[in-house]
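Asker: Quick one: the structure is below, and I'll ask about it shortly.
The values are calculated or read from the model by the stated rules, or taken from the named source; none is laboratory data. On a predicted model such as this, the values are computed, not experimentally measured, just so you know. Here the Cβ positions follow ideal geometry from the backbone for every residue, glycine too, while neighbour counts run over all protein chains shown.
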Amino acid sequence: MRLAKLKSLVLRRVLLLPAIVYLFIMISSLQKTQKLQINTLQSWCDNLRYEYPLNIDLEILRFGLPLVSMYNYVDHINTWEFEYIHNPKEACQSNWIEILFVIKSSSGNTNRREAIRKTWGREALNYGGSKIIFSLGQTENFEQQSEIEEEAGIYKDILQSSFLDTYRNLTLKTMHNIRWISEFCSTAKHVVMLDDDVILNMKNVVKFFSDVKPFERKQLFAGYVATKSKPSRENKNNKFDVSYEEYPFTCYPDYVSGPLILTTSKVIQMFDAAIPYVKRFVFEDVYLGMVAQKLGIQLTEKYNHRFDFDGTRIENFTCMISSHQGVNITGDIYQEIYEKYAHRTCVITTA
């Protein structure tokens, strides 16, 4: 009896062996496939091959031609479903605007907006042909909204839409800004899109645009360019984390870091034409990098040294185009920093 049981046990194990070997081969094959996929994606990171949806050729939009696929028009995947609460379109009724500044600002940052109006914003308006617009979302705070109503009535420079003003909606705000510029302010020659915690050197902004070569102007989308950045997957509570469902690739395309972008209204109109066909992504600067790549717009790092990305080079502000001070800066400190550094002599040092 015991011998029979032993034979039966041995037989079962022998019969299981092929299944175990097969399973091992399948797992090994899967691991190799995943490794190959990772290598392919890493190769994409190095070679700038990009397949974020919609995976269609958008370069034709740079020439003002309609987007077609297999002889049929392609449907939009992004639609605009929000209304303007405040629309300062009168600011763009002029036939000539040299530089349009569109500043992303949170609803509660009244003091920071006021600091901008008193510092480089005043210089910008004194410079012929410049306009300043502050872009806001909607707030659920009644007191804040009342202050915005008053502010909009006084300065006529508030652009506000009906989506909630949150960090996760920054891409919506950016899409909204591009749509608004294209629709209401296409007469602007140059466009600067920035955050309200960025201090601008107006003199250097003007010089930057005057130095741009005609052939560069057609694809001008400049700022501090980040290259081969990788998604954060470490902490679900980190606002910079993204899931594989949101973004299945191993790295981001090159993109101009969100605090400041210098471009032209012609390029803005290209982006406006392409955005309906590029799936929205949570980080607005990365998203614009996706759109730029699909349009075939080449970003360059050659200007990076002219931007104080994290506020650590504020001592040399007069040589910079901008200084990014960070989200915790108050309006009073913003103004103090500007008054302290804005009018020093630019001293270029070589390391």
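Asker: Answer yes or no: is there a residue in region 147-170 that is closer than 21 Å to residue 86 by Cα, in contact with a Phe, Trp or Tyr (Cβ under 8 Å, 6 or more places away or on another chain) and assigned to a helix (DSSP H, G or I).
Answerer: If we filter region 147-170 for residues that are closer than 21 Å to residue 86 by Cα, which is where we start, we get 147-167, 169-170.
Keeping just the survivors that are in contact with a Phe, Trp or Tyr (Cβ under 8 Å, 6 or more places away or on another chain) gives 157-163, 169-170.
Imposing the further condition that a residue be assigned to a helix (DSSP H, G or I) reduces the set to 169-170.
Yes.
Asker: Right, next: Among the residues of region 143-170, write down those that are within 21 Å of the chain's Cα centre (by Cα) and either of a type in the set (Gly, Ala, Ser) or not assigned by TED's automatic domain parsing to the domain that holds residue 122 (or both).
Answerer: 161, 162
Asker: Shifting gears a bit: Filter region 205-260 for residues that are part of a strand (DSSP E or B) and of a type outside the set (Gly, Ala, Ser) and give the result. I'd like the intermediate steps shown before the answer.
Answerer: Residues of region 205-260 part of a strand (DSSP E or B): 221-222, 225-226, 232, 241, 255-256, 260.
Selection gives 221, 225, 241, 255, 256, 260.
Asker: Please tell me if residue 155 is farther than 21 Å from residue 130 by Cβ and in contact (Cβ under 8 Å) with a residue 24 or more places away in the chain.
Answerer: Details: farther than 21 Å from residue 130 by Cβ: no; in contact (Cβ under 8 Å) with a residue 24 or more places away in the chain: yes.
Answer is no for this residue.
Asker: Take the residues in region 305-322 that are assigned to a loop (DSSP other than H, G, I, E, B) and in contact (Cβ under 8 Å) with a residue 60 or more places away in the chain; name whichever of them is surrounded by the fewest Cβ atoms within 10 Å (Cβ to Cβ). Explain how you work it out, then say what you get.
Answerer: Let us first name the residues in region 305-322 that are assigned to a loop (DSSP other than H, G, I, E, B), namely 309-313, 320-321.
Okay, now just the ones that are also in contact (Cβ under 8 Å) with a residue 60 or more places away in the chain, so 309, 320-321.
Working: 309: 17, 320: 20, 321: 24.
Restricting to residues being assigned to a loop (DSSP other than H, G, I, E, B) and in contact (Cβ under 8 Å) with a residue 60 or more places away in the chain, the top hit is 309.
Asker: Do we have any residue at all in region 121-130 that's hydrophobic (A, V, I, L, M, F, W, C) and closer than 30 Å to residue 295 by Cβ?
Answerer: In the first step, residues of region 121-130 are kept if they are hydrophobic (A, V, I, L, M, F, W, C); the result is 124-125.
Filter again for closer than 30 Å to residue 295 by Cβ, leaving 124.
Scanning region 121-130, I find at least one residue that is hydrophobic (A, V, I, L, M, F, W, C) and closer than 30 Å to residue 295 by Cβ, so the answer is yes.
Asker: Is at least one residue of region 271-284 touching a Lys or Arg at 6+ places or on another chain (Cβ under 8 Å), modelled with pLDDT of 90 or more and not in a helix (DSSP H, G or I)?
Answerer: yes
Asker: Still on this structure: Would you pick out the residues in region 185-200 that are farther than 16 Å from residue 270 by Cβ and within 21 Å of the chain's Cα centre (by Cα)?
Answerer: Initially, region 185-200 is screened for residues farther than 16 Å from residue 270 by Cβ, giving 187, 192, 194-200.
Answer for region 185-200, where residues must be farther than 16 Å from residue 270 by Cβ and within 21 Å of the chain's Cα centre (by Cα): 192, 194, 195, 196, 197, 198, 199, 200.
Asker: Restricting attention to region 237-256, and to residues there that are polar (S, T, N, Q) and without any contact (Cβ under 8 Å) to a residue 60 or more places away in the chain, which single residue is surrounded by the fewest Cβ atoms within 10 Å (Cβ to Cβ)? Quick ask: steps written out before the conclusion?
Answerer: Restricting attention to region 237-256, the residues satisfying the condition of being polar (S, T, N, Q) are 237-238, 243, 250.
Add one more test, that the residue is without any contact (Cβ under 8 Å) to a residue 60 or more places away in the chain, and what stays is 237-238, 243.
Working: 237: 6, 238: 10, 243: 10.
Per the stated criteria, the residue is 237.
Asker: While we're looking at this one, here's another question. Could you list, in sequence order, all residues of region 91-149 that are among the basic types (Lys, Arg) and surrounded by 15 or more Cβ atoms within 10 Å (Cβ to Cβ)?
Answerer: Here is the first cut: in region 91-149, the residues among the basic types (Lys, Arg) are 104, 112-113, 117-118, 122, 131.
Correct list: 104, 112, 113, 117, 131.
Asker: Scan (1) modelled with pLDDT of 90 or more; (2) loosely packed, with under 13 Cβ neighbours inside 10 Å for the single condition residue 81 breaks and write down its number.
Answerer: Checking residue 81 against (1) modelled with pLDDT of 90 or more; (2) loosely packed, with under 13 Cβ neighbours inside 10 Å, the one that fails is (1).
Asker: Could you please find all residues in region 94-123 being without any contact (Cβ under 8 Å) to a residue 60 or more places away in the chain and in contact with a Phe, Trp or Tyr (Cβ under 9 Å, 6 or more places away or on another chain)?
Answerer: Once the filter is applied, which keeps residues that are without any contact (Cβ under 8 Å) to a residue 60 or more places away in the chain and in contact with a Phe, Trp or Tyr (Cβ under 9 Å, 6 or more places away or on another chain), region 94-123 yields 117, 121.
Asker: Can you tell me which residue is nearest to residue 122 (Cα to Cα) among those in region 323-351 that are among the aliphatic types (A, V, I, L, M) and without any contact (Cβ under 8 Å) to a residue 40 or more places away in the chain?
Answerer: Initial filter on region 323-351 (among the aliphatic types (A, V, I, L, M)): 327, 329, 333, 337, 342, 347-348, 351.
Narrowing the set further to residues that are without any contact (Cβ under 8 Å) to a residue 40 or more places away in the chain leaves 333, 347-348, 351.
Details: 333: 17, 347: 25, 348: 27, 351: 35 Å.
The selected residue is 333.
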